[in-house]
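This report concerns only the one structure given below.
Quick note: the coordinates plus some simple rules give every number you see, no bench work behind them. Owing to the predicted nature of the structure, the values given are computational and were not obtained by experimental measurement. Note that we place each Cβ from the backbone using ideal geometry, even for glycine, and neighbour counts take in every protein chain shown.
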Amino acid sequence: MTSPIRVAVTGAAGNIGYAILFRIANGDLFGPDQPVILQMLEIPPAMKALEGVAMELEDCAFPLLQDMVLTDDANVAFKDVNWALLIGARPRSKGMERKDLLGANGAIFKPQGEALNRHAASDVRVLVVGNPANTNCLIAMRNAPDIPPERFTAMTRLDHNRAISQLARKAGVPVTAVKKVTIWGNHSSTQYPDAYHAEINGRPAPEVINDDAWIRETFIPTVQKRGAAVIEARGQSSAASAANAAINHVQSWYHGTPPGDWVSMAIPSTGAYDTPEGVIFSYPVTIQNGQYQVVEGLSLSDFDRAMLAATGQELLEERAAIEEMLG
Ligand code: NAX
């Protein structure tokens, strides 16, 4: 039998955890022939809830779920893991400044980076979902010096999927007609959802949409603020769509991207398109054989450049706020 892939999920008893674990156990990441072992990390007060989630996983009798580990110790959760989905994070509480939020999360992602460095399998790949995702990812990466930095990524796939849906709806086409959408920069409201390099039914999206004011005044802010709009409507932050995007991110990394399209991934900055070095920046990437590559040769307008500069600047400011945690 194929040997199992070990997947760590942190924040496993949280909302996204509850939406993602069943899909992983069902085989959504690696296909119907690949067994998995779930290694679930929580904080002590959430261990009882995690036991309940594990009972439900057991009650599904998933054929591919070979084993489960439930723990509040990152050293146990990351033992021999091939994939680490870092979802658990400290939410912003009332009156908390951004610097305090960054610091509180640094206190989570520094030790998790160290534990990954000590215990993960040599092929480990990491996806950070917990916010502020890019900077949390930077902290984990910098505290795991023995793991190649390119194995650390943060999630902008939810924003990417949101952008596809908005463009499809505006153009009156199925989502499958929309390709080459990009989310640039930070997973925050400074992100740049780029419709200018996208295609709809093989034609440039701006030509098909033919409404530049809509792109600038409706599309971009709608995607940037969609998370807040979901909270406003649902009373809770995006969970099933975030879990779905995390599944998509890993699927793309594992299986590759199809010809004629790309995906958005926040990765260690390559400096491409004049982006700042030393941060985790979201780019358009194509993926083959588990290796991603930033799409080259896109011509950027002054508007594109200004948007990239703004989100890059925010990432530099976030980094400055947690500099002492960078190992
Ligand atoms: P929840 O508050 O429902 O769950 C978080 C879970 O993490 C809790 O069960 C908590 O006990 C656990 N946790 C906290 N500290 C931990 C630690 N040190 N080790 C292990 N577990 C720990 O939040 P949920 O809705 O699941 O969201 C999780 C994170 O995803 C949040 O930071 C959220 O902001 C972020 N998101 C990121 C998105 C993205 O696109 N990158 C989109 C969705 C989501 O907002």
Those lysines that a straight Cα-Cα span of less than 17 Å connects to LYS179, excepting residues fewer than 8 apart in one chain: LYS170
Linear extension gain, SER93 paired with ASP274, 0.36 nm per residue minus alpha-carbon span: 61.7 nm
Percentage, to the nearest whole number, of Cα pairs in region 212-270 over 13 Å apart: 74
Mean Cβ neighbour count within 10 Å, used as a protection proxy, ranking 184-195, 103-114 highest first: 184-195, 103-114
Peptides 249-257, 59-67 ordered by average Cβ neighbours within 10 Å, highest first: 249-257, 59-67
Sum of -39500 (n - 2.57) over DSSP H runs of 4+, divided by residues of the chain (222 nm, nearest 500): -12500 deg cm²/dmol
Links that overshoot a 27 Å alpha carbon limit, given the list LYS180/LYS225; LYS94/LYS225; LYS79/LYS99: LYS79/LYS99
Gaussian network model of the chain, Cα within-10 Å springs - most flexible of MET307, MET96, MET40: MET96
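Given a Förster distance of 22 angstrom, what is the FRET efficiency for ILE43 paired with ARG234, based on the Cβ-Cβ distance and rounded to 0.05?
Computed FRET efficiency for ILE43 and ARG234 comes out at 0.35.
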Principal axis box of region 106-163, alpha-carbon based, largest edge first, Å: 37, 25, 13
The chain: most fluctuating residue of ASP72, ASP212, ASP302 per GNM, C-alpha cutoff 10 Å: ASP302
Inter-centroid distance (Cα atoms) of region 178-215 relative to region 143-174, Å: 13
